[in-house]
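Engineer: Before anything else, here's the structure in question.
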Amino acid sequence: MADDLFFLSRRSPVLARHAMVASSQPLATRAGLAILEEGGNAADAAVAVAAALNVTEPTSTGIGGDCFALFYQAATKQVTALNGSGRAPEALSLDLVRRQGLDGDRRLPPYHAHTVTVPGACAGWCDLLDRHGSLPLATVLAPAIALAEEGFPVAPVTAHAWQIGAERQLASAPGGHDLTVGGRGPRAGEVFRNPGLARTLRAVAEGGKDAFYKGAIGRAVVRAVGEAGGVLSEADLHAHASTWDAPISAVYRGVRVWECPPNGQGLAVLLALNILEGFDLGGQDPLGPDRWHLLIEAMRAAFADTAWHVADPAFSPAPLADLLAPAYAARRRSGIDPGRAAQDVRRGAPVAGSDTVYFCVTDKTGNACSFINSNYMGFGTGIVPRGWGFTLQNRGHGFVLDPAHPNALAPHKRPYHTIIPGMLTRAADDALVGPFGVMGGWMQPQGHVQVVVGLLDDALDPQAALDRPRFCIEPATPDGAISLEDGVPEATVRELLRRGHRPVTPGVRGHARALFGRGQIIRRTDDGVLWGGSDGRADGCAMGY
């Protein structure tokens, strides 16, 4: 591949033969690698990384949030999908929201206690280990417990996000000051200890998920939500269960791209790739206006569909077979004008945000885990159950308050979820190509599409695919603006404007690049070599042995 197709990178891909971990925090990556070196497999390492990220990056993730995972089992060449998202409380209804005067907007206020759905992460961790793991839970959680007890130096990008959260949710949420240093976020390089989180993880290590949902932790969660005006109950926690779902997929350039089904938005990735499959992207300038116009238009069409169809399938199942059919992709493709941006995309478009951690693991036997864990909107609600060291998510903000919408708020219902892990296998023989993902709210499917195009249309290595500048569609309007990262050529910006993409914000740089998400990729080549990449927009790294 010609050098001019590569966006300038300050990192080389990480190469190894046996196993690899890629995450947004080096200490979490090291925790996963330590588990692999102890004989654990990809599932064991994934849970170790998830727990360590709760310690080192609580600005994005934690046991008070949700998780999703895709697991590739080398022995069977099968991909399984874990849905570790929680449901709305039994007592939370549209009628209650109306009576309390909280229905003035399309969604609940973002940090209100009513946005606390049952945290699904703890059950998700335990259920992944029960089905695919090989080590005891106590062994897997040990690295994270040590980090929480002994403390860790806060990384620079995390410190910036922590201060934003300290000024926003944590400043006023019940218990929020427990995750600050005298009301401020810890500075870069400052050692932060979290004995409350260590206490939580020790309890789970000893008692499993029941320690969280049926013990003192759960009672503290219910008490904290109630004090903040919410209606979550102990019965809601007792009733929680993860689900194992059939993953959904589409073939793009001979590679099967796997995503979790709704209530996650992975469907948007597959819809966009199905549209793009009919275009010769490989013959285009990767940073040129022809390529970027097609990518943006395909994402708009995909988001228009998922904005309506992604909801809890137990309440409103999406017509997945019809949506993913080649004939439907052809119809959507025919609606794209190569010379003009569409201005009438049906059912809306996404809004932007960054709130999540994504990481991936491969082990020495060829298994792979693609894992994502999130609070949403940084620290979620910012509510901290007193003495337990973690915040509670605000995933209920993903519900719609229109009773006619498939994603309308209802008791025991899972909301539209932004977090999506991805997996690639070879369509011809189901061999592992690798786990991948890009975290960051509604940017995630856009990031998935852009890195998949880089990997498969342009044969980039994982690090180069992650380093390329990106676009992000925002806000939630049919003609949503396009933000372009620093590095997009001026000629491309001018031509996108000429084709009707308005407004376009070019040259986004610095900490504002968080808008474009933060990804990790591990690719396995036919000779068994692992190529890892970790997004330079975050603090993390890939490591292997």
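Engineer: Quick one: LEU294 ticks every box in (1) without any contact (Cβ under 8 Å) to a residue 12 or more places away in the chain; (2) not in a loop (DSSP other than H, G, I, E, B) bar one, so which box is it?
Structural biologist: The failed condition is (1).
Engineer: Assuming ARG106 fulfils every condition listed in (1) in a strand (DSSP E or B); (2) out of contact with any helix residue (DSSP H, G or I) (no Cβ under 7 Å at 6 or more places or on another chain); (3) closer than 30 Å to ALA235 by Cα apart from one, which condition is it?
Structural biologist: Just one mismatch for ARG106, condition (1).
Engineer: Got a sec? Which of ALA159, ALA173, ALA220, ALA205 is more than 26 Å from the chain's Cα centre (by Cα) and buried (at least 17 other Cβ atoms within 10 Å of the Cβ)?
Structural biologist: Exactly one of ALA159, ALA173, ALA220, ALA205 is more than 26 Å from the chain's Cα centre (by Cα) and buried (at least 17 other Cβ atoms within 10 Å of the Cβ), namely ALA220.
Engineer: When you look at GLU38, is it acidic (Asp, Glu), in the same structural domain as GLY378 (by TED's automatic domain parsing) and touching a strand residue (DSSP E or B) at 6+ places or on another chain (Cβ under 9 Å), yes or no?
Structural biologist: So GLU38 does not fit the description; no.
Engineer: If only one of ASP245, ASP280 is among the acidic types (Asp, Glu) and farther than 30 Å from ASP130 by Cβ, which one is it?
Structural biologist: Working: ASP245 fails: farther than 30 Å from ASP130 by Cβ.
Residue meeting the stated conditions: ASP280.
Engineer: Which of the numbered conditions does GLN444 fail, given that it passes all the others? Conditions: (1) crowded, with 23+ Cβ neighbours inside 10 Å; (2) at pLDDT 95 or above; (3) touching a strand residue (DSSP E or B) at 6+ places or on another chain (Cβ under 6 Å).
Structural biologist: For GLN444, the failing item is (2).
The values are calculated or read from the model by the stated rules, or taken from the named source; none is laboratory data. Since the model is a prediction, treat every value here as computed from it, not as a measurement. So basically every Cβ, Gly included, is an ideal-geometry build from the backbone, and we count neighbours across all protein chains shown.
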